[in-house]
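> Starting off with a structure, shown below.
The values are calculated or read from the model by the stated rules, or taken from the named source; none is laboratory data. All of these numbers come straight from a predicted model, not from anything done at the bench. When we count neighbours, we look across all protein chains shown, and the Cβ atoms used for this are built from the backbone with ideal geometry, even at glycine. Accessible surface areas use protein heavy atoms only, side chains included; no ligands, DNA or RNA. Shrake-Rupley method; radii C 1.70, N 1.55, O 1.52, S 1.80 Å.
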Amino acid sequence: VDRAFPRTPRGALKISRTVRPGPARGPRARPGPALTPSPPVPQLVALAAFICFAASGAHGAYTALAGMETVITALFLLLYLLRLDARLRFLLWPLADIFNSVIAALFLLVVALFAIIIKTNKGTLVGGVLGLILLVLCIVDAVLLCKKISFDRARGRSAPAK
């Protein structure tokens, strides 16, 4: 288990797409600011959007997209936490993660705007706003991953010794 991954910017971003990190509590809490400010945003952003769409009786596409975003992001988070990306080298996982973030951002843009424009009830409106928050997080995730990937640089054991 990679215990340092949640403390990296990418780890914090993956967690914020599913769980918004707030201030640490308890005896092991470190002094200083939290990873993010604590506005009144629900603790589970993607899951909250899913629940809002499901409870409001919104169109099935809204609910399905929010649910899939929650599951796929949680799977990528587990992939990086368990360091499976280093073991399963047959796929360039950061590139797959970029594709996931970009496609999710496009779908979230369409669905969130439709949910906000149509706003059949407050649950759909809140789900649309949470969808826009997830859209921003997906774009930031894709940008951070693009900065990490370099195709002209050697990776792993084949890297030249300095």
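> State which residue pairs qualify: first residue free of Cβ contacts under 8 Å to residues at least 12 places away in the same chain and inside the stretch 102-125, second residue open to solvent by 80 Å² or more (accessible area, probe 1.4 Å) in any location, beta carbons under 7 Å apart, and separation of 6 or more residues or different chains.
What qualifies is Leu125/Lys119.
> Anything in the stretch 64-74 that is open to solvent by 30 Å² or more (accessible area, probe 1.4 Å) and over 11 Å from Ile15 (Cα atoms)? List them, or say none.
Listed by number, the residues that qualify are Ala64, Met68, Val71, Ile72.
> Taking Leu79, is it at pLDDT below 90 and loosely packed, with under 14 Cβ neighbours inside 10 Å? Full working, then the answer.
Working: at pLDDT below 90: yes; loosely packed, with under 14 Cβ neighbours inside 10 Å: no.
No: the conditions fail for Leu79.
> Quick check on this structure: which one of Leu132, Leu106, Leu113 is modelled with pLDDT of 90 or more, open to solvent by 30 Å² or more (accessible area, probe 1.4 Å) and more than 18 Å from the chain's Cα centre (by Cα)? Before you say what the answer is, go through the steps one by one.
On the way: Leu132 fails: more than 18 Å from the chain's Cα centre (by Cα); Leu106 fails: more than 18 Å from the chain's Cα centre (by Cα).
One residue alone meets the criteria, Leu113.
> Being in a helix (DSSP H, G or I), within 15 Å of Ala142 (Cα to Cα) and open to solvent by 70 Å² or more (accessible area, probe 1.4 Å): is that true of Phe99 here?
yes
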